[in-house]
Each structure stands twice: as structure tokens, then as C-alpha cells.
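Asker: Following this message is one structure expressed as C-alpha cells.
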Amino acid sequence: MLAKRPGFTLIAVLTLALGIGATAAVFSLIQGVLLTPPPYDDPQRLVLVEPALTVEEQGGPTPDWAAAQWLRWQEEAKSFEGIAAHVWSFSFLVSEDGSESLEGMRVTREYFDVVGLEPLIGRTFEAADTEPGADPVMILGHDLWLRRFGGDPAVLGQTLRISRQETPPTVIGVMPPGVRFLPSARASREPNYDVDALVDFWAPAAPTPEVLMRRFWSVVARLEQGVTPESARAELELIDARHVREEPDLAGTVPRLRSVVDFMNAGGRRILLPLLGAAGLVLLIACGNAAALLLVRGLQRQHEYGVRRALGARRFALILQVVSESLALALLGGALGVVLAIGIVRMFKAIGSHAVPRLDTVTLGWPVLLYGLGAAVAAALLAAIYPALRTARLSQFSMLSGASSKSSAGRAERRLLSAVTMIQAALTLALLVGAGLLIRTMGNLARVDSGYDTESVLTMSVTAVEGSWADFHRQALERVAAIPGVDKAAFAWGVPLTGNNWPGEFEIEGRAADDPVALPSRSVTPGYFELLGQQIVEGRDLRSSDDSEAPPVAVVNQALADRYFPGATPLGKKLWFPGRQQEAPPGMASRFEIVGVVSNARTDDLTRASEPEIYYSLWQRGAFSKHLVVRTSGDALSVAGEVQRALHEVAPTAAVENLKTLEQIRGDSVASRSFATGLLVAFAIVASVLTLGGLYGVLSLSVALRRREIAIRTAVGAGRGNVLSMILKQGLLLIGVGIAAGSAASVLLSRGLGALLFEVEPTDPATLLVVAVAFASVALVACWFPASRATRVDPVQALREE
């Protein structure tokens, strides 16, 4: 029966395929990112013990835990099976043809038992591995093992040439695939930090008496069976309260427990759940279209059903036929939808790696196929339920006497088709408003004055893993600056929009010593501000003479000058790390004199106004790993190869990685918004096509079923304008009700997008008005064609047919 009407079949299948493909693609992302549990044993009982500031300490940076605290928890807490500490770390696998950066974790001996990880080969850490003077050992991540050692089990017992380690560590194990980081808040501003990355290595860590009170540890714990996070937190607070009386230096923070699974899913949930809702709306619109097509087809086949009943077919057999045809359509649509979903997911993975965390975990396997099958069956039931029930209710006599190709649909059927169209219009308007808000957001971001020039700027992370730090960096700048096409070059720790800076507390001259302020700081070489197009507003720039032999200096931005030196100059003022009377550690300055003020820039986030920040001279406050920033006279990437060769000529083992233009970095910083915008716009376009097609179909059916009425009106004197107006009014009614209902629906969807919006409210009336007018205008065009056809009805021929 479907083969006899290929046009109907093709339209129905494509309609369902679009809806099923959209939702299956987004579901595959959710299945891979949110529903796939981390590779830990019973991960639901794993919690992060995060520090929060007490009321008295609000305003300063939040420190991590001191070893003295979590060691006490290990001894006294009864709510946990185990407690372990960890810190994020990075090193470099040294190679003569360029070293490779490695991200890893330094963990206490209990760590693997607590999180529930068993090595694929080898062993975990033992007590002897954490003893002072023990030979260094290391456990490799599965991805690094495959990438650098070809998955060879003989890697066990080998030593690795690792930067900043005099004694090469010995490999004692390899972990299973898919293991990612747990957070280390203290390290979150480091250039190499990526909490969603796969762990490259684990090294043993143990607190020494010298570092018991230093707050740099992060803590993970496994709850006992049946223990709630709330009761476990209360127990830790009681232990801390007793401990603080003995060690007042540990005051100021309280524990907060957070599920490891919730932490890992937070970033993906923020972007994927609103998109799943949008995809679900597309599926509902597609199902509505399919239901309308099946209903119209049922009206056209009413006489056929009557003949079948007269020949002895039972009602159940007719219902089964309608449902079977719907199921066949839906399965065809589901199969095509899965094919579309596979293509869409591959596109997602190609363009969305910076937008969706852990996108590499998304696979195109049975979950997507099963979801497509389930969605197809659901779509078949939704689309077929009314046509099937209608067929069951009709009597044999009514089917034969009143069901011909020229008969009219009942008022109930016409109302149902109109209701479906209005619902489709409402859902489409909601999608269009959401897309409009995100488009406005991207426009607002594009117009943001960042305070620096991103055009023709190349960046790369550069690390000298061996040799003289100062010699390498000075020679590197000289070599790179001499390359044809390079205008300027500078090193910088804290390139804009990379998330890198040193957070810390400072005492400011003119403020009380017991009132430090939390400020981010960066470190750059002379010429950096000129390279980025930032202006020195007051004082001077950093100089090459501002080196380790010169008094420590700093440049602050205009925001800092305005906030802490209103109406006065900050030049000559001093900045101290807390405890200005204390002697600084060897090689570290504790006091800096402000020598210049630089113009403001949005360095952390384009959506946030400039905040106070400090810039040091890199020659006075160095960084192991940092960025080389190069301004070119042409295409920035065209000189990348020459720059890499120049750096390796200075030091063959130098690590040169993460080559990106500053424009790409800016794009990565808004990747989640760009991804959501593109997806929602695509969904809105698909929904609009389906809805306008449905509107066209309803009005075309109305014209076909009202031929006799139109003929009579024309015969008694109605002009073309009257007929045109009659049909357009019907279309306007459908559009108007849909827009009214869609305005309310758009508020719900837009609130789900709130975290992605910038300088536009979820209830923005201008966006709603523009979208509603544009949608109504296009919908009127869809109404015009069937209305125009109605004016061409020949009254004589129409009445003769009756």
C-alpha cells in the first residue's frame, strides 16, 4: 500500500527521519558524555571533599586542604570507606626531537583503592614507594601507553626521561582506558590544566612534616554504604572544629561534599540538556506532521475501508492495518534517522571538541540504534493513534455512503488538524526565539571590545625542559623576531582567554596590612602590550633591564588603579604578598613597585568586564611553561613552521605545542555558545520547514473539502477577494494562536539557555517580536498558495461534481 503512494511515503519517511535523526544525534552525545559512568568501581559513592570559605573569610581565594586536615579525617571519620588526596601535576617526556607535555596526578597510596581502579598490567603504589629516598616510580595512562609505547607490556620496568627529575622514574603499571582527572582547584589556572583530559601518568605523593600545613591538596572519598553526603559532611565539620582549636592556622574553610559523577557531568549538562529539549520539540513537530499525513490519507481511503468492512474485515483488522502502515513508515524513518544521526554526530565530533567536554567518548553503537528504534515506535504510536481510533469508530454504512474522494472531513478531524498545526507553530516559535537569542548573543560577543587585537597573532606553548632558562628565552626571542614575516614576539604567562593566571592575595600600599585582596597576576616580557595593541596609560612599560638583578616591578591595569587608587596615581606604590614583614623565600620577591598602568582588557572571559590584575616582568618572575606570542605581517599560521624550527635550533628538546592563532583562542572561549547556536538554528530551520509544510497541507485540505461552499459563495456573488480573505483568515487564526502559545513556550526554553546568553535576557521582547513577525510573514506566504488556488475554483464544475 505504501509503494502505491510513493510521494506520500517519501514525505512521511523524511519527516520522521528529520525528527528522529535530530534527537538520536543529541541523545548519542548525552549517552556518551552524561550517561556513561566513569571507569571507577561504584562511582555513585565517590565524593569530592571541596573547601568553602567560612563567612568570616569571604572575599579571599579559596585554599585547598592542608595535609594535617585530611590525615585527621582518615584517622577519625567513620562515614567513609576511604579518603585519599591528590594534586594535579604536569611534566614533559624529554625527547631530542622535541619533548611532549604530560598531564598527571600525584596521589596518596590509598587513592586507587578509594576510587576503585585496578591496573590493566602491573601494580599500584605501595607504602615503600612513598618513603623518603625511595626510587621514583610511575603508572602510565592507557592513552599514553598506546601513543608512545605501542601498547607493549614490556614497558613495565622501563625508566622514562622526565623533565625536572634527576632520577628517571620506573614504570610499574598501566591503567585501563578512559580515566580522567579529578579537579585540583589550585592548578586550574595552569596552561596545561585540562580536567576533562585523559590522565597521562600517576606518581606517588606523601605529606612530609614540612608541608603538613600547606594548603594544596585536593581530596576524594568513598562513602560507606548507606551514608548520605549530608551526614558525612556534618562529621567532617565536627572533626575540623576540634582540630582548629589545636591548629588555628587551619581555620577559615569548611568541607562541602560533591558527587564525582555530578562534577564530571556539570559542563556537559549545561549545554546538552537544553539541546535535547530542542531536539525533542523537533521530534514532536515531525510526529505531528506524520499524524496529519496519516489522517488525511485515512480520509482519502475511507471508501476503501468501507468496502473492506463490507467484505468481512473486522474492525481490529482495519486498526492493525493502519498501525502496521504507520509502524512501517516509522521504522523506515527511524532507519534513515539513525543514518542521519551518525553523520550528524561525526560532524559534532569534528566541530564541537571545544564546546562539549569528553566528546571523544561518544560512540555510534547500539545505544543510538536502540534509541532510533524506540523513537520510531513512539513516533508510530503517536502518529497512528487517532487515525486508527477513527477507523474503529466509523460504521460500515457511513464508510460506504459518505466516504468518497469528494466527501468532506468531519468537523472533529478538521479541528484536530488545525490543533496539530497550531501546536507545531507554537513549538517552532519557541525554537526560533531560542535561536534568535543565541544569534544575538553571538553578535554581542563579536562586538565586544576585548582591549587587544587578535588579528595576525600566533601563539604556542613553549617550555625549555633542559639547559639555562634565561639563555633559551632570550635567544628564542631574538631568533623568532628575525624570521621574515614576524613583526614582534614576546613570551607571556597568562595569554588572554586561555584561563591562565596566578591567583593570589596581595597587600596594597595605603590599605591595612590585615586587609589583603585577591588578584590575578600574569608575567610577560617587554613589548607584550605593544604586540597586543594595549596602551600604556600612565608610567612606563616593562623593560629588558627589569631582570633578576633589578628591583622587582609590576604594571597594573586601569581597573586596579581605579579601584584601589581612586583620584590618585598608583605609580611608585608597593604591592606585597601577605605578610609584608616576612622575609621572602629564596629566589622570590615579596614586594613589587608599580611602574606603569596599562589599558583594560577582557583577559579571562569576553562576557565579563575587566577586573583588576597585575603584570610582572617574566625576567623577574619566571614560569616553567608559558606561551610564545608572535605578531605577523600576514597569515599568522604561515610562519608557524619557521618559528618551531627556530626554537628547536636554540634547544632541540624544547617542547613546542598547542599552536593556535589568537582568533582561534577567542573562538574556543565561546565554543559552547557557537555550538549551541548552530545546533538550535538548524533545529529551528527544520521545525519551520515542517510546520510551514503542515500549515500548507491543512489549508490545501480545507480548500479541497470546501470546494462546494466556495462554489456556492462565488455563485451568489462573492468575489475573488472575499474567497482569498476567507482562507487567509483561517491561516491567520492558526498562526496567531500558535504564536500566542509559542510565546509562553519560548520563555521555558529560553530560560534553559540562560547560562549561554550574553547581554540579552531570556524574555527579551525585541527578539520575540522580531521572530514572531518574521515567522508570521513567512507563514502567510505558505497560506497564500492554497488561498490563491481557492479563488480559481470554477463554481459550475464544482457544483456539477456534487
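The values are calculated or read from the model by the stated rules, or taken from the named source; none is laboratory data. This structure is a prediction, so every number in the text was calculated from the model and none was measured. Every residue, glycine as well, gets a Cβ built from its backbone with ideal geometry; the counts of neighbours run over all protein chains shown. Note: accessible area is taken over every heavy atom of the protein model, side chains too, but ligands, DNA and RNA are not part of it. Shrake-Rupley method; radii C 1.70, N 1.55, O 1.52, S 1.80 Å.
Asker: Want the number for Ala234 to Val377: 0.36 nm per residue separation, take away the alpha-carbon distance, what's left?
Answerer: Numbers: separation 143, 0.36 × 143 = 51.48 nm, distance 4.85 nm.
Contour length minus Cα-Cα distance gives 46.6 nm.
Asker: Let me see the pair-distance distribution of segment 404-522: every alpha carbon pair, 5 Å bin width, integer percents in order.
Answerer: Going from the shortest bin to the longest, the percentages are 2, 7, 8, 9, 9, 9, 8, 8, 7, 5, 5, 4, 4, 4, 3, 3, 2, 1, 1.
Asker: For Lys660, list the lysines whose Cα falls under 29 Å from its own Cα; do not include residues on the same chain fewer than 8 positions away.
Answerer: Lys349, Lys488, Lys626
Asker: Another one. For a bin width of 5 Å, list the pair-distance distribution of segment 712-795 built from all Cα-Cα distances, rounded to whole %.
Answerer: 3, 13, 18, 15, 12, 10, 9, 7, 5, 4, 2, 1, 0
Asker: Please compute the length gained on full extension between Leu156 and Gln44, using 0.36 nm multiplied by the number of residues separating them and subtracting their Cα-Cα distance.
Answerer: Extra length from Leu156 to Gln44 when fully extended: 37.1 nm.
Asker: Using +1 at the C-beta of Lys and Arg and -1 at the C-beta of Asp and Glu, which of Val307, Trp202, Trp217 has the Cα lying farthest in the positive direction of the dipole of segment 195-317?
Answerer: Toward the positive end, the furthest listed residue is Val307.
Asker: Can you find, among Thr15, Phe90, Thr62, the residue farthest towards the positive end of the dipole of segment 1-129? Put +1 on the C-beta of Lys and Arg, -1 on that of Asp and Glu.
Answerer: Sorting the options by dipole projection puts first Thr15.
Asker: Counting only protein heavy atoms and using a 1.4 Å probe, what share of the accessible area of the chain belongs to carbon plus sulfur, as a whole percent?
Answerer: 57 percent
Asker: Also, quick follow-up: Show me the three semi-axes of the equivalent ellipsoid for the chain, from the C-alpha gyration tensor (sqrt of 5 times each eigenvalue), largest first, rounded to whole Å.
Answerer: 63, 33, 25
Asker: Among 243-252, 116-125, how do they line up by average Cβ neighbours within 10 Å per residue, starting with the highest?
Answerer: Details: 243-252: 13.5, 116-125: 17.1.
So the peptides 243-252, 116-125, ranked by packing, come out 116-125, 243-252.
Asker: So how far apart, in nm, are the two label points at Arg258 and Asp514 if each is 7 Å from Cα heading toward Cβ?
Answerer: Between Arg258 and Asp514, the simple spin-label model gives 3.2 nm.
Asker: With everything on Cα atoms, drop me the angle between helix 229-246 and the longest principal axis of the chain, reported from 0 to 90° to the nearest 10.
Answerer: The helix 229-246 is inclined about 20 degrees to the chain.
Asker: Mind pulling the angle between the C-alpha long axis of helix 315-351 and the longest principal axis of the chain? Nearest 10 degrees, somewhere in 0 to 90.
Answerer: The helix 315-351 is inclined about 30 degrees to the chain.
Asker: OK, next. Could you work out how far helix 671-705 tilts from the main Cα principal axis of the chain, as a 0 to 90 degree angle to the nearest 10?
Answerer: Between helix and principal axis, roughly 0 degrees.
Asker: Okay, moving on. What's the magnitude of the charge dipole for segment 644-802 around its Cα centre, counting Lys and Arg as +1 and Asp and Glu as -1 at the beta-carbon? Answer in Debye, nearest 20.
Answerer: The calculated dipole for segment 644-802 is roughly 840 debye.
Asker: Over the alpha-carbon set of segment 1-105, divide Rg by the Kirkwood Rh and report the Rg/Rh ratio to two decimals.
Answerer: 1.29
Asker: ³J(HN,Hα) across segment 711-722 via Karplus (A = 6.51, B = -1.76, C = 1.60, θ = phi - 60°), whole Hz, x for Gly/Pro?
Answerer: Residue by residue, segment 711-722 yields 4, 5, 4, 5, 5, 8, x, 5, x, 4, x, 5 Hz.
Asker: What's the center-to-center distance, using Cα atoms, between segment 424-502 and segment 694-759 in Å?
Answerer: Result: 48 Å between the Cα centres.
Asker: For the chain, what is the accessible area per residue in Å², given a 1.4 Å probe and the full set of protein chains?
Answerer: Per residue, the chain has an accessible area of 44 Å².
Asker: Moving to a separate point now. So what does the Cα-only Debye profile of segment 477-531 read at q = 0.16, 0.21 Å⁻¹, as log10 I(q)/I(0), no solvent term?
Answerer: -0.65, -0.85
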